[in-house]
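Report on one structure; see the data block that follows.
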Amino acid sequence: MRHIFLVLAGMISATVSAQDKVDNDLLMSYLQEQQYDQVIRYMETTVQPQHPNGLVILANALYQNLQLPEAAVQYRKILDIAPEHITAHQQLGNIAIQQQQYASAVPHFLKLTEVRPSQAAYWKQLAKACTNVVGLQDSAGVYMGKAYALQPNDPGIVSFVADEYMGDKDFAKADSVLKRYYLTDSANISINAMLVKTSYNLNHFEDAVRFGTQIMEERAYAPMAYIYLSVTYYQMKQFDSCIKVHDFMKEIIGDAPETVKFYAAMSYAGLKDYEKSNVLLLECISSAKSKSLDSYYAALAGNFEQMKQYRAAISYYDTAYYLFKDPMRQYGIARIYDQQIQDPQRARKHYQLYLKSAKPESKNEKDIHTYVKERVKTLQ
């Protein structure tokens with residue numbers, strides 16, 4: 001940001017001089033030394049800018065000095081003079097995001113897409129803001145689709161689009177998007193990890209192995225990719241390879257998820273090494289008895305829900321459920337879709353998954369179970 005600020009200051013300094021009579025040399029010396037308080041004092045007391053180019057220097061200095069409310073005031077002054085000012089809309093959107101006021105960011109990012117519709121970055125940031133605004137999640141997918149059409153080689157855009165398809169269980173489309181990106185960049189760990197998942201779900205086991213082993217060779221931290229790789233090897237009856245995934249995770253992480261451990265145990269049994277299989281199965285039993293890790297994931301999900309980052313919250317609930325199969329995690333996902341995102345179809349689907357395996361014991365669990373049974377009847 002500092003580099004951009006200096007470039008911007010250099011580009012408009014001549015215009016600022018003409019309009020607001022600044023000392024360019026003095027101003028640039030302050031900026032180069034990151035003396036933003038001096039810039040602010042000089043612009044406020046000496047220049048007292050009245051034109052957009054002078055105001056943007058002052059606003060950006062306030063922004064860099066972490067005086068966000070004061071910066072926002074100056075950016076709004078710019079918009080009063082120039083309603084389509086790119087920098088003012090961008091920075092007001094950024095400030096709103098930093099303050100987790102996503103709904104306030106949306107109009108500014110939307111204006112940027114209207115002024116510069118060919119800029120994928122503007123559609124991308126608009127989509128990301130919309131994911132955290134109730135009622136705009138569907139719009140987020142549309143906006144990111146526009147970003148993808150303009151810039152199909154941006155990994156952030158690609159992963160978002162693919163994740164949307166996977167959320168709808170359309171693994172074929174997700175796989176197509178990811179593989180198209182892979183042709184231009186075969187080293188992106190997050191994209192490759194998603195390819196392991198799509199390949200497995202499409203029964204393209206050879207592809208899952210190819211992408212998974214590539215990640216292992218990079219010694220990257222990608223637990224979900226290794227889980228899917230482990231299951232893939234077991235399905236292919238490549239028991240030695242399945243066990244290697246378990247050993248690799250223990251080496252780089254210190255332990256392996258219960259799923260990886262279980263399939264390694266089953267692989268040892270497939271190789272008729274029942275003693276080693278039993279050791280791992282007992283570890284699985286021990287892990288299953290401990291709810292600590294499940295609680296940690298659920299706590300993370302709860303935190304992200306409170307922060308209104310609903311996609312992250314759902315992801316952590318989904319991970320907890322995948323690893324530990326507690327039906328309450330499906331209830332957590334359903335509740336977010338129902339109450340926060342307001343997506344009745346997905347809410348109903350996850351409520352039904354909860355009901356399928358729920359065995360309520362405590363009064364609170366029984367109350368939830370009763371509520372869900374009634375709530376499902378009202379969702380279409």
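Only the coordinates and a few stated rules stand behind these numbers; no lab work does. Bear in mind the structure is a predicted one, so any value in this text is a computation, not a measurement. Because the Cβ atoms are built from the backbone with ideal geometry, glycine has one as well, and the counts that use them run over all protein chains shown.
List of remarks:
- Listed peptides 83-90, 361-368 by packing density, highest first (mean Cβ within 10 Å): 83-90, 361-368
- Ascending count of other beta-carbon atoms within 10 Å, so fewest first, for T198, T319: T319, T198
- Couplings 3J(HN,Hα) of the range 112-117, computed from phi: 4, 5, 6, 6, 10, x Hz, in residue order, whole Hz [Karplus 6.51 cos²θ - 1.76 cosθ + 1.60, θ = phi - 60°; x for Gly and Pro].
- Within a Gaussian network of the chain (alpha carbon springs, distance under 10 Å), most fluctuating of M266, M28, M144: M28
- When you filter the trypsin sites (Lys or Arg not before Pro) in the range 181-219 for DSSP loop state and at most 10 other Cβ atoms inside 10 Å of their Cβ, you are left with R219.
- Spin-label model distance (nm) - T46 vs V134, 7 Å beyond Cα toward Cβ: 5.0 nm
- GNM result for the chain, Cα springs below 10 Å: residue of K272, K325, K128 fluctuating most strongly: K272
- 3J(HN,Hα) along the range 189-200, derived from phi through the Karplus expression 6.51 cos²θ - 1.76 cosθ + 1.60 where θ = phi - 60°, amounts to 5, 5, 5, 5, 5, 5, 5, 4, 5, 5, 4, 4 Hz, with x in place of Gly and Pro.
- For the cross-link pairs K308/K349; K128/K356; K124/K308; K179/K244, the ones whose C-alpha atoms lie over 29 Å apart are K128/K356.
- For the chain, a Gaussian network of Cα nodes joined below 10 Å ranks S230, S357, S139 by mean-square fluctuation, and the top entry is S357.
- Förster radius 35 Å - calculated FRET efficiency between T378 and I253 (Cβ-Cβ, nearest 0.05): 0.20
- Residue list for the range 127-159, given a label point 7 angstrom along the Cα-to-Cβ vector of L183 and an amide N cut-off under 19 Å: 148-159
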